[in-house]
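Inspection log for the structure reproduced underneath, given as structure tokens.
The values are calculated or read from the model by the stated rules, or taken from the named source; none is laboratory data. Predicted model only: the values in this text are computed from it and were never measured. Methodologically, a virtual Cβ is constructed for each residue, glycine included, from the backbone with ideal geometry; neighbour enumeration extends over all protein chains shown.
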Ligand SMILES: NC(=O)c1ccc[n+]([C@@H]2O[C@H](COP(=O)([O-])OP(=O)(O)OC[C@H]3O[C@@H](n4cnc5c(N)ncnc54)[C@H](OP(=O)(O)O)[C@@H]3O)[C@@H](O)[C@H]2O)c1
């Protein structure tokens, strides 16, 4: 019974695990007994996180996941360190908010490569390790992948594609006992979201569209992610859970 509700000795890789939602996932995983490899560009944020967590069950891989060569580096270094993987959380994400007609092809590539290609490549290249451990993947999508929001079309496209990637991999890899799920947050209080939420009028508009009447905390998301990774969720695959304070069910 007890092992259904923890992540004891699971080896987890969390992309973008130094700030915001990824940081909360890393902290939650450590508390639940996992070893965590965090991937991000800036080591300073990792060192701050490590000093907060005070655990030797956390380590860092410096990589820019928008770059194909850095993705390869992450695969190689994870194999060298553990040669095993139980959990992959594809959390890294960024956005450039614009109207569709204003995007350059460089911006298109940057958003696609960071948000989508990294998840596709890491999932694909960790397949053998995940198969060996009967592990699982969680993709961090967004409610912007479910409906039109003001985030910009490219971000929405990547987040919708992550949900479809989740379904395809879940279907393909169920026979290998690899589960693949996704989580779709609405506004969560992180550095990324603060870039727009610092505008008081915008913030009030967001709250008016949120039945629970607050924006989410990173821990609201990390709890859902941790659950999906636990043995307790053994029969759940191919699903996308919205962590949105009721936003996606709020009609008129
Ligand atoms: N916050 C929200 O309201 C919200 C809502 C829905 C969905 N989401 C999704 O949730 C995920 C996390 O968002 P967040 O708000 O927590 O973001 P955040 O606060 O900006 O944190 C992003 C994390 O990713 C890392 N990162 C960014 N670009 C990277 C790159 N090219 N290579 C490697 N690491 C990179 C950052 O570290 P470095 O800068 O050091 O690389 C940081 O650790 C994203 O996929 C986002 O789309 C967020």
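Within region 198-220, track down each residue that is surrounded by 18 or more Cβ atoms within 10 Å (Cβ to Cβ) and within 17 Å of residue 149 (Cβ to Cβ). Listed by number, the residues that qualify are 206, 210, 215, 216.
Closer than 21 Å to residue 23 by Cα, within 19 Å of the chain's Cα centre (by Cα) and in contact (Cβ under 8 Å) with a residue 24 or more places away in the chain: does that describe residue 163? Taking the combined requirement at face value, the residue does not satisfy it. Contact annotation: residue pairs with Cβ atoms under 8 Å, 6 or more positions apart or on different chains, pairing a residue in region 198-216 that is in contact (Cβ under 8 Å) with a residue 12 or more places away in the chain and at positive phi with a partner that is outside any loop (DSSP other than H, G, I, E, B) and surrounded by 14 or more Cβ atoms within 10 Å (Cβ to Cβ), are 213/207.
Which residue out of 136, 177 is surrounded by fewer than 17 Cβ atoms within 10 Å (Cβ to Cβ) and away from the ligand (no atom under 15 Å from the Cβ)? Criteria check complete, one pass: 177. The selection criterion, being within 24 Å of residue 137 (Cβ to Cβ), part of a loop (DSSP other than H, G, I, E, B) and either modelled with pLDDT of 95 or more or in contact with a helix residue (DSSP H, G or I) (Cβ under 9 Å, 6 or more places away or on another chain) (or both), does not hold for residue 166. Contact annotation: residue pairs with Cβ atoms under 7 Å, 6 or more positions apart or on different chains, pairing a residue in region 93-120 that is in contact (Cβ under 8 Å) with a residue 60 or more places away in the chain with a partner that is in a loop (DSSP other than H, G, I, E, B) and surrounded by 15 or more Cβ atoms within 10 Å (Cβ to Cβ), are 93/16; 95/151; 95/152; 97/151; 97/152; 118/65; 118/92.
May I ask you to verify whether residue 146 is buried (at least 18 other Cβ atoms within 10 Å of the Cβ) and within 15 Å of residue 16 (Cα to Cα)? For residue 146, the condition - buried (at least 18 other Cβ atoms within 10 Å of the Cβ) and within 15 Å of residue 16 (Cα to Cα) - is not met. Comparison of 59, 64, 109 shows that the only residue that is within 9 Å of the ligand (Cβ to nearest atom) and either at negative phi or surrounded by 14 or more Cβ atoms within 10 Å (Cβ to Cβ) (or both) is 64. Residues that are under 10 Å from residue 115 (Cβ atoms) and more than 9 Å from the ligand (Cβ to nearest atom) within region 151-166 comprise 154, 157, 161, listed in sequence order. Within region 8-17, work out how many residues are assigned to a loop (DSSP other than H, G, I, E, B) and more than 16 Å from the ligand (Cβ to nearest atom). Number satisfying all stated conditions: 3.
Just to verify a result, which residue in region 149-160, among those that are over 17 Å from the mean Cα position of the chain (by Cα) and assigned to a helix (DSSP H, G or I), is surrounded by the fewest Cβ atoms within 10 Å (Cβ to Cβ)?
Narrowing region 149-160 to residues over 17 Å from the mean Cα position of the chain (by Cα): 149-154.
Checking which are assigned to a helix (DSSP H, G or I) leaves us with 153-154.
Working: 153: 16, 154: 22.
Looking at the filtered set, the residue picked out is 153.
With respect to residue 184, is the statement that it is at pLDDT 95 or above, at negative phi and touching a strand residue (DSSP E or B) at 6+ places or on another chain (Cβ under 7 Å) true? So residue 184 passes the test.
Could you list, in sequence order, all residues of region 18-56 that are outside any helix (DSSP H, G or I) and either away from the ligand (no atom under 15 Å from the Cβ) or loosely packed, with under 14 Cβ neighbours inside 10 Å (or both)? Matches in region 18-56: 32, 33, 34, 35, 42, 54, 55, 56.
Of everything in region 221-252 that's within 16 Å of residue 149 (Cα to Cα) and free of Cβ contacts under 8 Å to residues at least 40 places away in the same chain, which residue is nearest to the chain's Cα centre (by Cα)? Once the filter is applied, the top-ranked residue is 246.
Of all the criteria given as (1) in contact (Cβ under 8 Å) with a residue 60 or more places away in the chain; (2) touching a strand residue (DSSP E or B) at 6+ places or on another chain (Cβ under 7 Å), the one not satisfied by residue 59 is (1).
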